[in-house]
Amino acid sequence: MKQSMIKSTGMAVPDRLVTNDDLAQFMDTSDEWIRQRTGIEQRYWIPEDTKMGAADLGYEASLMALEKAGWTPEDLDFIIFATLSPDIMFPGSGCLLQAKLGLNSTPTLDIRQQCTGFLYGLATADSYIKSGLAKRILLVGGEVHSTGLDKSTRGRDVTVLFGDGAAAVCIEGIDTDDSVGVLASALHSDGNFAPALMTELPASRLPQRIPFDLPLDDARYFPVMDGPAIFKKAVRMLPQVTKEVLEKAGLGVDNIDLIIPHQANMRINQAYGEFLKFPADKIFHNIQKYGNTTAASIPLALHEAMEQGRCGKDGDTVLFIGLGAGLTWGSVLYRF
Ligand code: ACO
């Protein structure tokens, strides 16, 4: 039977470190507020006046993952790129990344599922591998948020959360009878909650995609979020989808060695862990260093968890989980 195995990971963040105190220089916020409400201490943003998109960061992360896998770009037979901040309106960042890798016919697929982009991407990669459509897949999550954030006090509830970054995973299909690889996945969305977290403009549904009569600092050009509504939804849906994915795999919470959640807010992940009665030290956090890097967040956490020896040994069972704009939420259970 074919199983989808994570062979290697890579990551990249820009070199401009932005602390909470740095943010307080240009908006009414404080290190204390941000740490207390979110756990975030710093994030990385691309340097000002630098042209760098999600595919550029994704490229750096991909080179690291490919090198660790011992693969060349030509070994890939499919590329999946998850992002909510594509480099340009179209074509997708997957195509841009593919060209940077020196390829000219490898298929690419962009995924627009925001914070659950990696989960949707991993479930898609697993389906491609199990159906025999692909054998060696590069899955990338990459975001450049900083160029699209409202850096005035008006946007402080959202702007303090987000960081730029990318992470990549090489996934290989292997033939084995062992219970390893992607054991189960569960994905959901509820578009009724789209207004709870969105960037409305530019909008192709309008007579003018970029309305001529609006100032360029109109609030609709920036992400807006009903933070408390999303918080409540997350602490309800994350335990539910955990139960669902475990049932699909025929396993229990005790079988999980490490939970790697989307890094949206440390308080959400702590509340989720308490609900599950899961040991706090088996839930991985790196939001302190990177903020919310959206599609990059889970693979970036996986990369660091593996580097720190927190997971990666044969038999380690890891639960990936997250909820974000869409709303979308889901979980993938994986065994090394
Ligand atoms: N600095 C200082 N004060 C702030 C800031 C800030 N950065 N942001 C908001 N405030 C103020 C508000 O104006 C409000 O003031 P008021 O009481 O005078 O009106 C007060 O702080 C409390 O605001 P709340 O929004 O109620 O704060 P809350 O405790 O809910 O925390 C937060 C806000 C951190 C955004 C939280 O709601 C959250 O994390 N929500 C979920 C976020 C999430 O998971 N998003 C999905 C993933 S992202 C994606 O999919 C792309």
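The numbers here are math on the coordinates, done by the rules we state, and not lab data. Treat the numbers as computed from the prediction; the structure is a model and nothing was measured. Cβ atoms come from the backbone with ideal geometry, glycine included; neighbour counts cover every protein chain shown.
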Quick one: if you stick a label point 7 Å off each Cα along the C-beta vector at Met89 and Lys282, how many nm between them? 4.9 nm
Return the tail of the calculated pair distribution for region 2-175, meaning the percent of Cα-Cα pairs more than 29 Å apart. 26 percent
Fraction in percent of alpha-carbon pairs per bin - 10 Å, the chain: 6, 27, 36, 23, 7, 1, 0
Please turn the phi angles of region 92-109 into ³J(HN,Hα) values with the Karplus equation 6.51 cos²θ - 1.76 cosθ + 1.60 (θ = phi - 60°), one per residue in order, whole Hz, x for glycine and proline. x, 5, x, 5, 5, 5, 4, 5, 4, 7, x, 9, 9, 8, 5, x, 10, 9
Given 4 °C and 1.567 mPa s, how large is the Stokes-Einstein diffusion coefficient of region 219-272 in µm²/s, with Rh as the Kirkwood radius over Cα pairs? 100 µm²/s
Could you list which residues have their amide H under 5 Å from that of Met27, counting only those 5 or more apart in sequence or on another chain, with H placed in the peptide plane? none
Full extension from Arg209 to Asp190: what is 0.36 nm times the residue separation minus their Cα-Cα distance, to one decimal in nm? 4.3 nm
Can you tell me the dipole magnitude for region 2-175 around its Cα centre, using point charges on the Cβ only (Lys, Arg +1; Asp, Glu -1), in Debye to the nearest 20? 500 debye
Per residue of region 232-245, in order, report the coupling 6.51 cos²θ - 1.76 cosθ + 1.60 (Karplus, θ = phi - 60°) as ³J(HN,Hα) in whole Hz, putting x for Gly and Pro. 5, 4, 5, 5, 8, 7, 4, x, 4, 6, 5, 4, 4, 5
Between beta-carbons, use under 15 Å as the cut-off and find the net charge around Ala296, counting Lys and Arg +1, Asp and Glu -1. -4
May I ask you to list the aspartates and glutamates whose Cα is less than 15 Å away from that of Lys243, ignoring any residue fewer than eight positions away on the same chain? Asp254, Glu274
By the scheme Lys and Arg +1, Asp and Glu -1, what is the net charge of all other residues having a beta-carbon under 9 Å from that of Ser93? -2
Rounded to 0.05, the calculated FRET efficiency for the beta carbons of Lys2 and Lys100 at R₀ = 45 Å is 0.95
A 22 angstrom limit on the alpha carbon distance is what I want to check against. Which of Lys233/Lys313; Lys277/Lys313; Lys51/Lys100 exceed it? Lys233/Lys313; Lys277/Lys313
Compute the distance in nm between two label points, each set 7 Å from the Cα along the Cα-to-Cβ direction, one at Phe336 and one at Asp226. 4.1 nm
Cβ-based charge dipole, the chain, positive-most Cα from Ala186, Leu101, Leu323: Ala186
With Cα atoms, 0 to 90° folded angle of helix 266-276 axis to the chain main axis: 40 degrees
So, R0 is 22 Å and r is the distance between the beta-carbons of Lys313 and Asp177; what FRET efficiency does that work out to, to 0.05? 0.65
I want the antiparallel fraction of DSSP beta bridges within region 215-336, as a percent rounded to 5. 60 percent
For the chain, what is the relative contact order in percent, using Cα pairs closer than 8 Å and at least 6 residues apart in sequence? 26 percent
What is the distance, in nm, between label points placed 7 Å from the Cα along the Cα-to-Cβ direction at Ala219 and at Ser30? 2.4 nm
